[in-house]
């Protein structure tokens, strides 16, 4: 009788905890935004059967419109559901620690915000969040983003909150020019700050 109770308890536990186990599944990465294929010399070519991203068409389709100006100093990215500060230059150019502090202290009433946010709502984006703004079809990220509801996006580097794993005195940043290059830079140096909030 005791053995039967033990088996029932084990089966009940398995049924209760089985749904919480993690199994491999689908990862919803977005498309790159690129619509053109190129050969090894940079010449435009037909995409058919090239195996390039545009030919394969993998990734989640971008919503249309992707970005929405909320009229309160913020812009929502409907692809990631992140909410960005509309004025991409308001934080200026700062070292990494000051960039983190600026974002954490940002609140409604500053930088054109009227969204009701309070200190602690905003943060410096991590590297993947910052890279999510890059459109691989646009050679000049800043110019493209300035047509998407943002203003004053600088053709320069923006800090991410992500520290370089091999060189922890560096942090990753993304350049909003030349296709959105990523670079590890000394935290003591200055780069632009672009606060974000929300997300999963």
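Every number in this text was worked out from the coordinates using simple rules, so none of it is lab data. In this text, all values refer to a predicted model and were calculated from it rather than measured experimentally.
Two-decimal Rg/Rh of region 67-200 from alpha-carbon positions, Kirkwood Rh? Present the calculation step by step, with values, prior to reporting the outcome.
Details: Rg = 13.6 Å, Rh = 14.5 Å.
Looking at region 67-200, the ratio lands at 0.94.
Mean separation of Cα pairs under 8 Å and 6+ residues apart, divided by the residue count of region 43-191: what relative contact order is that in percent? Provide the component values of the computation, followed by the final result.
On the way: 260 pairs, mean separation 30.4, N = 149.
So the answer I get is 20 percent.
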